[in-house]
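**Student:** One structure follows; several queries about it will come next.
What follows is calculated from the coordinates using simple rules that are stated; it is not laboratory data. From a predicted model like this one, the values you see are computed outputs, not experimental measurements. All Cβ positions, glycine included, derive from the backbone under ideal geometry; neighbour counts span all protein chains shown.
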Amino acid sequence: MSRLRAKVDSPLTGWRRRALLLAPAGLLAISGSAFWVLLEHLRATRDAPLPPPNPLLGKRLPAFSLPGLTANSGFGNTDVDAFRRPVLLNFFASWCMPCIQEAPVLMQLAQRGLPIWGIDYQDRPDAAADFLRVHGDPYQRVACDPPGRVADDFGVIGVPESFLVDSSGVVRWRWAGGLSADVVARSLDPLLRAAS
């Protein structure tokens, strides 16, 4: 009996008992701190200014002419105007993770018959070619914008970014970020149905 009492009263057991009693309080303190940090972040981002609306919406494309990733694949604003069909212009880059995520969505749009023309943004041509070989090539034409000047003229804030140009050459829609099936269904498909 004295041996059993010695085990129960040992300092290690007392420490374990206190740790078990204090663990919920510690978790509560950590959770409360994390919640406070989240609230502060939300408060700061709520007051942050939104990016300005794209100046191209409802207007014709700016004048540009870009070389192609391959022979005869480059294009400019006059080529888009002369196409006389709605076309999705998509800025992408091989180093862009969201571009990888949107690649299957672009492939599905191309399979549905939507003409997609790509503009490779601040990238090396060999890296862009590898990207298309690995992740699929939904583009009818691919132009290269290594310095990013055309992207600046478009008001691109980051890649990927897509612009729907109607059959008369007017920009009708812009999406900053990777396209998803949900974005296509909610935003792009209604415009495509109205254009046909």
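**Student:** Given +1 on the Cβ of Lys and Arg, -1 on the Cβ of Asp and Glu, and no further charges, what dipole in debye does segment 68-196 carry about its Cα centre, rounded to the nearest 20?
**Tutor:** Taking the Cα centre of segment 68-196 as origin, the dipole is about 400 debye.
**Student:** Restricting attention to segment 96-149, which trypsin sites (Lys or Arg not before Pro) occupy a DSSP loop and are surrounded by at most 10 other Cβ atoms within 10 Å?
**Tutor:** R112
**Student:** Here is a follow-up. If you take every DSSP beta bridge whose two residues both sit in segment 65-195, what share of them, in percent to the nearest 5, is antiparallel?
**Tutor:** 55 percent
**Student:** Now for a separate question. Along the Cα-to-C-beta direction of D182, a point sits 7 Å from the Cα; which residues of segment 85-111 have their amide N less than 15 Å from that point?
**Tutor:** Backbone N within reach: 102.
**Student:** Treating the Cα atoms of segment 154-196 as identical point scatterers in vacuum, please give the log10 of the normalised Debye intensity I(q)/I(0) at q = 0.22, 0.26 Å⁻¹, two decimals.
**Tutor:** With no solvent term, the Cα-only Debye profile gives -0.77, -0.98.
**Student:** Now for a different question. For segment 71-196, calculate the relative contact order in percent as a whole number, restricting contacts to Cα pairs under 8 Å that are 6 or more residues apart.
**Tutor:** Numbers: 205 pairs, mean separation 41.0, N = 126.
33 percent.
**Student:** Could you please tell me the mean projected area of the C-alpha convex hull for segment 65-195, averaged over all directions and given in square nanometres to one decimal? Numbers along the way, then the final one.
**Tutor:** On the way: hull surface 28.1 nm².
Approximately 7.0 nm², given one-decimal rounding.
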